[in-house]
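The next block holds one structure in the form of structure tokens; read it before the comments.
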Amino acid sequence: MTNARTFNTLDLDALLASRALLMVGGKGGVGKTTTASALAVRAADQGSKVLLVSTDPAHSLADAFNRPIGNQPTVLSPGLTALELDPDDEVEAYLERVSAQMRRFATPDQFRELDKQLRLSRQSPGAQEAALLERISRLIDEDSHDYDLLIFDTAPTGHTLRLLSLPEVMAAWTQGLLRHSEKARKLGQVLGHLTPEKSIDSPLQDPTEHATSGLDPRSQEVADTLMARQRLFNRARRQLSNPSHTAFIFVLTPERLAILETRRAVASLREHGIPVAGAVVNRVLPETTDSAFFAARHARQQRHMEELASALGALPRKVMPLQQDDIQGLDAIRQFAKLLKNTNH
């Protein structure tokens, strides 16, 4: 049985060398931004061209590196570029694309009403997540060609799981919406090919190629747009599910709530077919201390480490010690990154 002191060590250098996409996630406040940043700095220092992306609305990358970053690619050091996705900006960009498409087909009166509905949808549930998913998918599918490694500093676990499940949700929603309209029956039949199980990438093998030929121009464009978007989601999802391409790393602290959330999240990601490579156990107290307070804290942590061993089982782990000071700025992150290569046992 795996215990608190005996476990398989997570080889982070091997992941940096062998994967093109790393997702770093976990409960808020456990050090995942620091860990993601350290991994990115280490990979860049080893010669890789790295894009570090924050998808968490409460961005911490700029704080970690102690410099502005924002929603445009920002070079932080040789080989390392960072980007903080802004949910509001992503919603605006997405709605602008929708509005431009509607303008080509709607009358002025129709467009005014549609534009009003679009403005209202800015605050609708799921609008930010849907827009973020499209941007993340494009980064994975298109921008990845410009980099050796993409590292995502993801939002807290629940947000990430919803992002990963949206392709199936949106496919079902689109088809259900179209079935309510008799006029859209033909289009609905065409879009039936958009489910994740049926969708394919190559236009040469596309079963919808001739199915759209009988549609009017507006329905044709809607079909083309929805099919292209759903294929994008499915390509990104397939890359996320490819264990030779992608690895998900959890960051947690030896505390009960973080352990419980990580156990649930690992199970959920595995259920979704996302490869989980291991966990970084952060802020572990040293064995020896001359303070009764910290001795008690250490004893409590050790009990949680036993719980963690039971919760994570054989999942490889990397134990990171509690640091004396806040980790801020490139030099401090680089020093933290050096600890990632040390062997735990």
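Summary table
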quantity	calculated
Spherically averaged projected area of region 249-334 from its Cα convex hull (nm²)	6.8
Accessible area expressed per residue, region 1-148, with surrounding protein chains retained (probe 1.4 Å, Å²)	48
Simple label model, 7 Å out from Cα along Cβ direction - F111 to D224, nm	1.9
Span from the region 55-85 Cα centroid across to the region 101-146 one, whole angstrom	24
Calculated FRET value between A292 and T9, using beta carbons and R₀ = 30 Å, to 0.05	0.40
Probe 1.4 Å - accessible area at S18, Å² to nearest ten	60
Gap separating the Cα centres of region 222-253 and region 279-345, nearest whole Å	32
Cut-off under 5 Å, modelled amide H: who pairs with G329 long-range	F65, N66
Area of M23 that stays accessible when all protein chains are in place (1.4 Å probe, Å², to 10)	10
Accessible area of region 225-345 belonging to carbon and sulfur atoms, whole % at 1.4 Å probe	52
Label point distance in nm, L118-A62, each placed 7 Å from Cα along Cα→Cβ	2.7
Computed over region 221-345: relative contact order in percent, which uses C-alpha pairs under 8 Å that are six or more apart	24
Under 5 Å, built H, 5+ apart or other chain: amide partners of D56	A155
Relative contact order, percent, region 24-108 [alpha-carbon distance under 8 Å, six or more residues apart]	24
Residue order for T288, T262 - accessible surface, 1.4 angstrom probe, largest first	T288, T262
T107, T35, reordered so the largest accessible area comes first (probe 1.4 Å)	T107, T35
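The values are calculated or read from the model by the stated rules, or taken from the named source; none is laboratory data. Remember, predicted model here, so these are calculated numbers, not experimental data. Here the Cβ is made from the backbone with ideal geometry for all residues, glycine too, and neighbour counts use every protein chain on show. Heads up: the accessible areas ignore ligands, DNA and RNA and are worked out on the full protein's heavy atoms, side chains in. Shrake-Rupley method; radii C 1.70, N 1.55, O 1.52, S 1.80 Å.
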